[in-house]
Amino acid sequence: QVQLVESGGGLVQAGDSLRLSCEASGRSFSIYAMHWFRQAPGKEREFVAAILWRSTYYADSVKGRSTISRDNAKNTVYLQMSSLNSEDTAVYYCAAKVGTYATRDDAMNYWGKGTLVTVSS
């Protein structure tokens with residue numbers, strides 16, 4: 001069993017940067033592919049980024065202005081986002097998956113409860 005707790009959300013201005021964190025409890029954190037998803041108001045949850053070992057994957061909507069990273073010693077995964085705009089307003093969820101990464105949310109094994117990011121223009 002893995003428990004995930006996100007932090008770092010809040011109200012930011014358009015153009016700002018933000019770093020989200022997700023701390024995992026439990027053992028064997030390093031074997032999981034870690035993901036970030038987000039769900040904007042009135043929209044379906046969508047894939048944002050994933051990291052498996054040193055390989056990273058990004059949705060086109062955040063590619064080039066986001067960086068996902070992990071610190072296995074701290075059981076933590078991060079999502080650094082810059083040049084935020086109103087379309088980035090969403091609840092951001094951390095998710096863990098055994099094995100390789102995936103972009104479908106129904107493929108995840110564990111979820112956090114989310115952290116809200118609101119971008120003010």
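The values are calculated or read from the model by the stated rules, or taken from the named source; none is laboratory data. Source: prediction; values computed, not measured. Quick reminder, even Gly has a Cβ in these numbers, built from the backbone with ideal geometry, and neighbours come from all protein chains shown. When the accessible area is computed, the model is the full protein with side chains, heavy atoms only, and any ligands, DNA or RNA have been set aside. Shrake-Rupley method; radii C 1.70, N 1.55, O 1.52, S 1.80 Å.
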### Residue count for segment 90-100, restricted to those that are assigned to a loop (DSSP other than H, G, I, E, B) and open to solvent by 70 Å² or more (accessible area, probe 1.4 Å)
1
### Message
Which of the numbered conditions does Asp106 fail, given that it passes all the others? Conditions: (1) of a type outside the set (Lys, Arg); (2) loosely packed, with under 15 Cβ neighbours inside 10 Å; (3) part of a loop (DSSP other than H, G, I, E, B).
### Response
(3)
## Note on the structure
Restricting segment 46-63 to residues that are modelled with pLDDT of 95 or more and open to solvent by 80 Å² or more (accessible area, probe 1.4 Å), the one farthest from Glu23 (Cα to Cα) turns out to be Asp60
### Query
Do we find that Tyr32 is under 11 Å from the mean Cα position of the chain (by Cα) and hydroxyl-bearing (Ser, Thr, Tyr) in this structure?
no
#### Entry: Those residues of segment 5-19 which are surrounded by fewer than 16 Cβ atoms within 10 Å (Cβ to Cβ) and part of a strand (DSSP E or B), in sequence order
Val5, Ser7, Gly10, Leu11, Gln13, Arg19
### Message
Quick check on my filter: what residues within segment 1-21 are more than 22 Å from Ser86 (Cβ to Cβ) and among the β-branched types (Val, Ile, Thr)?
### Response
Val2, Val5
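Out of Ile31, Ile68, report the one residue that is among the hydrophobic types (A, V, I, L, M, F, W, C) and free of Cβ contacts under 8 Å to residues at least 60 places away in the same chain.
On the way: Ile31 fails: free of Cβ contacts under 8 Å to residues at least 60 places away in the same chain.
Of the residues listed, the single one that is among the hydrophobic types (A, V, I, L, M, F, W, C) and free of Cβ contacts under 8 Å to residues at least 60 places away in the same chain is Ile68.
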